[in-house]
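Trainee: Got a structure here, written out as C-alpha cells. Questions coming.
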Amino acid sequence: MKGSPSVVTARQTELRVVLAARGEVDVMTTPKLREAILSSLADEPSVLVIDLSATAFASSSAIGALIEAQLAAKAATSVRLVVPSRVRRLLRMLGLDQQFEYRDTVAKALPETD
C-alpha cells in the first residue's frame, strides 16, 4: 500500500482506542492519521494506542502527528506507541524517546481492565 496507509480504529471499550496505520505514513498520508488521533482523543479514552508496527516508512510529519497526540491528550489519557525499532531509534535520535510510552505489541499496550 505504498503511499496510502489504512488507518483502522478499533474500540475494545469506550475507554480504550487502538489506531493502526499500515504502509507509508508520509506528508501525503499523515493527515489521515492525525485526524484519527484527534477524533479519538476527543472522546477522552483512558488509553490511546497508536500502532505503527506495520508501517514501511514514517516521515517527519508522522513524528509530528505523534507529538501532537501526546500534547493533545488530556491527563487522564495514556498515549502508548507500538512502533518498529527504526521509528523508536529515530525518536531517540530526536531526543523524543522519553516523551512516549512504548509497548512491543498492541496486546501489551492495552490494560487488562478498564
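The values are calculated or read from the model by the stated rules, or taken from the named source; none is laboratory data. The shown structure was predicted, so the numbers you read here are calculated from the model rather than taken from an experiment. All Cβ positions, even for glycine, are placed from backbone atoms using ideal geometry, and neighbour counts span all protein chains on display.
Trainee: For the condition in contact with a strand residue (DSSP E or B) (Cβ under 8 Å, 6 or more places away or on another chain), over 22 Å from ASP43 (Cβ atoms) and among the β-branched types (Val, Ile, Thr), what is the one hit in VAL83, VAL106?
Mentor: VAL83
Trainee: Condition check: closer than 23 Å to MET28 by Cβ and among the aliphatic types (A, V, I, L, M). Does LEU110 satisfy that?
Mentor: When the stated conditions are applied, LEU110 does not pass them.
Trainee: Could you tell me which numbered condition GLU112 fails, if it satisfies all but one of (1) modelled with pLDDT of 90 or more; (2) outside any helix (DSSP H, G or I)?
Mentor: Answer for GLU112: the failing condition is (1).
Trainee: Mind checking which pairs have a first residue in region 37-55 that is on the phi < 0 side of the Ramachandran plot and a second that is at pLDDT 90 or above and polar (S, T, N, Q), Cβ under 6 Å, 6 or more apart or different chains?
Mentor: Listed by first residue and then by second, the contacts come to PRO45/THR77; VAL47/SER78; LEU48/SER40; LEU48/THR77.
Trainee: Can you tell me which residues in region 19-30 are in contact (Cβ under 8 Å) with a residue 40 or more places away in the chain and either over 18 Å from VAL87 (Cα atoms) or surrounded by fewer than 20 Cβ atoms within 10 Å (Cβ to Cβ) (or both)?
Mentor: Scanning region 19-30 gives no hits.
Trainee: Moving on to the next point. Taking region 72-87 as the search range and keeping residues that are modelled with pLDDT under 90 and assigned to a helix (DSSP H, G or I), which one is surrounded by the most Cβ atoms within 10 Å (Cβ to Cβ)?
Mentor: VAL87
Trainee: Being surrounded by 15 or more Cβ atoms within 10 Å (Cβ to Cβ) and at pLDDT 90 or above narrows it down to one residue among LEU38, LEU33, LEU90; which is it?
Mentor: Exactly one residue qualifies, and that residue is LEU33.
Trainee: Something else about it: So, of the residues in region 93-109 that are of a type outside the set (Lys, Arg) and part of a loop (DSSP other than H, G, I, E, B), which turns out to be nearest to ASP51 (Cα to Cα)?
Mentor: Looking at residues that are of a type outside the set (Lys, Arg) and part of a loop (DSSP other than H, G, I, E, B), I get THR105.
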